[in-house]
Amino acid sequence: MGQLKAGILSALAAIILVACQSGPNEVPPPASLMSPQIDEAKSAAPAIEAPLVLMIGLDGLHPSMIDRWEAPNLKALGARGVRAEAMRPVMPSVTFVNFYSLATGLYPKHHGMVENYPYDKAADEQFDRATGPQEERWWQGEPIWVTAEKQGLPTSIMFWLGSEVPHDGVRPTRWTPYEHNKPYQDRVDEVLGWYDAPEAELPRFAAIYFDRVDTAAHYFGPRSDKAREAVAEVDGYVGQLLAGLESRALLERTTIIVVSDHGMEWIDPEKVLDIGAHLDLKELTVPQFNGPYGGSNHTFLHIYGEGEALDKAYQGLKNFDEHIHVYKRGDMPAHYHFDHPTRGPDLFLVADPGWSVRNANLGGWRAPIPGQHGYDNYDPTMAATFIAAGPIFPEGETAAPFENVNVYLMIACALGIEPARTDGNPAVVEQLTGGRCPAARTPH
């Protein structure tokens, strides 16, 4: 998470799961070209063999952590399915933004979560960490569990961002308000309990979220012993989930998808730049500066305003230091995709990995924590994890890097349902699934 994880975790105590309908001023995303296809053996199977999907979210798990440390269950899952060299997060590379893109298949410019606590310029309102998780207007687009429920498939979600709000009045069959202090073992046991239901009540799609690695990497560093211990711990929970499905004779028909939201980079306390003199906060709004730690360091800033104050900020910051980069609305890198009509920033500042910025004129300073993210989503340090196995995936494949907005289409294909409109690329999904989810022709 781009802010201090302590702030995000307090927000998560109210958050995680379901999405909101596109707003009237939202730019419509392109129509998906994906046509779900199940092989003949599956399509002819009786209802009792209906396909299942379980998505496991491991916050902050960089792909290199799996190779560097002991993670036997994740490695074994990759060996019997597909493991990506890297999955590219959307920008900015923070938690709320990316777990919601994974759920909807949309870029931030289409689902509205342009950062962890977005600011809406038209409404002159910022997402409130206490109430925003339950306010439908913030969560645009259609998450995969809503798509499944609309087509008659029961779903169960534990702690996935966006699932605490309905979409078109639709919620998951089971959903759980976020409880940060809920023991991880209790989470695993509860999810496996879902699979003890009668066949007709089994969750066709289920999802569970763990913050463990992200928390450790933030406070102790991404290559610390604490991060290593966290990877081993979540690997054990993944193993329990797989063993639980196998003991219930459900593993063979379950597509397992393990994802993370972003990577993590070490922060150097000597590489914090004070840019406060160039920002007139009487005329400009910078959401990252709000809250008890607004004066602390940040890896990126969203800046809102107009006229002379905005122009002075741009002119003062664009050549301030070679390790920060400033872009105007409409002139950002093509792979950023967060130019939402009312929430996209007028100026965007992002630091190089390892660097950060602060405004010394504000209170709330605290020394930088060792690990942070939010950097350019194509930088290797921000890479996310993708491992998947099951009926729609080939065995023992290594995939080239791809964008996380493609995961929604994989799930829709695995379930055999018609997807909503997404920003995913059906050709990418076809390749990742070895042709089991072929792209349809563009409709005329």
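Take the stretch 301-325 and flag every residue that is of a type in the set (A, V, I, L, M) and either in contact with a strand residue (DSSP E or B) (Cβ under 7 Å, 6 or more places away or on another chain) or buried (at least 18 other Cβ atoms within 10 Å of the Cβ) (or both). First the steps, then the outcome.
The initial filter retains those residues of the stretch 301-325 that are of a type in the set (A, V, I, L, M), namely 301, 303, 309-310, 313, 317, 324.
Hits for the stretch 301-325 are Leu301, Ile303, Leu310, Ala313, Leu317, Ile324.
Mind telling me which of the residues Tyr209, Tyr219 ends up being touching a residue at least 12 places away in the same chain (Cβ under 8 Å) and within 20 Å of Pro368 (Cβ to Cβ)?
Numbers: Tyr209 fails: within 20 Å of Pro368 (Cβ to Cβ).
Of the residues listed, the single one that is touching a residue at least 12 places away in the same chain (Cβ under 8 Å) and within 20 Å of Pro368 (Cβ to Cβ) is Tyr219.
When the stretch 116-165 is examined, which residues are found to be of a type outside the set (D, E, K, R), part of a helix (DSSP H, G or I), farther than 23 Å from Phe289 by Cβ and at pLDDT 95 or above? Write out each step before concluding.
At the first step, the residues of the stretch 116-165 found to be of a type outside the set (D, E, K, R) are 116-119, 122-123, 126-127, 130-134, 138-141, 143-148, 151-163, 165.
Those still in the list that are part of a helix (DSSP H, G or I) too: 132-134, 138, 144-148.
The next check asks that each one be farther than 23 Å from Phe289 by Cβ; those that pass are 134, 144-148.
Within the stretch 116-165, Ile144, Trp145, Val146, Thr147, Ala148 qualify.
If you go through the stretch 267-287 one residue at a time, do you hit one that is more than 25 Å from Lys312 (Cβ to Cβ), hydrophobic (A, V, I, L, M, F, W, C) and crowded, with 17+ Cβ neighbours inside 10 Å?
Yes, the stretch 267-287 contains at least one residue that is more than 25 Å from Lys312 (Cβ to Cβ), hydrophobic (A, V, I, L, M, F, W, C) and crowded, with 17+ Cβ neighbours inside 10 Å.
Out of everything in the stretch 332-382 that is β-branched (Val, Ile, Thr) and surrounded by 24 or more Cβ atoms within 10 Å (Cβ to Cβ), what residue ends up being farthest from Asp59 (Cα to Cα)?
Our first condition is that a residue be β-branched (Val, Ile, Thr); within the stretch 332-382, this holds for 342, 350, 357, 369, 381.
Adding the requirement that they be surrounded by 24 or more Cβ atoms within 10 Å (Cβ to Cβ) leaves 350, 357.
Numbers: Val350: 21, Val357: 24 Å.
Restricting to residues being β-branched (Val, Ile, Thr) and surrounded by 24 or more Cβ atoms within 10 Å (Cβ to Cβ), the top hit is Val357.
Gly424: more than 21 Å from the chain's Cα centre (by Cα) and either in the same structural domain as Gly78 (by TED's automatic domain parsing) or part of a loop (DSSP other than H, G, I, E, B) (or both), yes or no? Even if it seems obvious, please write down each step before you answer.
Working: more than 21 Å from the chain's Cα centre (by Cα): no; either in the same structural domain as Gly78 (by TED's automatic domain parsing) or part of a loop (DSSP other than H, G, I, E, B) (or both): yes.
It is false that Gly424 is more than 21 Å from the chain's Cα centre (by Cα) and either in the same structural domain as Gly78 (by TED's automatic domain parsing) or part of a loop (DSSP other than H, G, I, E, B) (or both).
Mind checking which strands (runs of 3 or more DSSP E) fall wholly inside the stretch 235-349 and carry at least 2 residues that are among the polar types (S, T, N, Q) and in contact with a helix residue (DSSP H, G or I) (Cβ under 6 Å, 6 or more places away or on another chain)?
Details: elements: 254-259, 272-274, 300-303, 324-328.
Those strands (runs of 3 or more DSSP E) span 254-259.
Here's a check for you: in the stretch 174-215, which residue that is outside any loop (DSSP other than H, G, I, E, B) and of a type in the set (Ser, Thr, Tyr) is surrounded by the fewest Cβ atoms within 10 Å (Cβ to Cβ)? Outline the logic, then answer.
First, the residues of the stretch 174-215 that are outside any loop (DSSP other than H, G, I, E, B): 174-176, 184-194, 199-201, 205-210, 212-215.
Narrowing the set further to residues that are of a type in the set (Ser, Thr, Tyr) leaves 176, 184, 209, 215.
Values: Thr176: 21, Tyr184: 16, Tyr209: 24, Thr215: 22.
It comes out as Tyr184.
In the same structural domain as Ile392 (by TED's automatic domain parsing) and at positive phi: which single residue out of Ala249, Ala232 fits that description? I'd like the intermediate steps shown before the answer.
Values: Ala232 fails: at positive phi.
Just a single option satisfies the conditions, and that option is Ala249.
Are there any pairs with C-beta distances below 6 angstrom linking a residue in the stretch 120-133 that is of a type outside the set (S, T, N, Q) to a residue that is not in a loop (DSSP other than H, G, I, E, B), with the two at least 6 apart or on different chains, and if so which?
Qualifying pairs under 6 Å: Lys121/Tyr304; Phe127/Trp138; Arg129/Ala11; Gly132/Trp138.
Yes/no matrix, rows are residues, columns are (1) buried (at least 24 other Cβ atoms within 10 Å of the Cβ); (2) out of contact with any Asp or Glu (no Cβ under 7 Å at 6 or more places or on another chain):
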| site | (1), (2) |
| --- | --- |
| Gly81 | no, no |
| Ser101 | yes, yes |
| Ala130 | no, yes |
| Gly169 | no, yes |
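For every residue, the table says whether it meets (1) free of Cβ contacts under 8 Å to residues at least 24 places away in the same chain; (2) in contact with a strand residue (DSSP E or B) (Cβ under 6 Å, 6 or more places away or on another chain).
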residue: Asn290; (1), (2): no, no
residue: Thr299; (1), (2): no, yes
residue: Tyr327; (1), (2): yes, yes
residue: Tyr336; (1), (2): no, no
residue: Ala351; (1), (2): no, yes
residue: Ser356; (1), (2): no, yes
residue: Asn359; (1), (2): no, no
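Please verify whether the stretch 51-65 includes one or more residues that are modelled with pLDDT of 95 or more, within 18 Å of Ala420 (Cβ to Cβ) and in contact with a helix residue (DSSP H, G or I) (Cβ under 8 Å, 6 or more places away or on another chain). Before you say what the answer is, go through the steps one by one.
At the first step, the residues of the stretch 51-65 found to be modelled with pLDDT of 95 or more are 51-65.
Right, trim to within 18 Å of Ala420 (Cβ to Cβ) and you get 53, 55.
Restricting the remaining residues to those that are in contact with a helix residue (DSSP H, G or I) (Cβ under 8 Å, 6 or more places away or on another chain) gives 53, 55.
Yes.
The values are calculated or read from the model by the stated rules, or taken from the named source; none is laboratory data. Quick caveat: nothing in here was measured; it's all calculated off a predicted structure. Don't worry about glycine lacking a Cβ; one is built from the backbone with ideal geometry, like all the others, and counts go over all protein chains shown.
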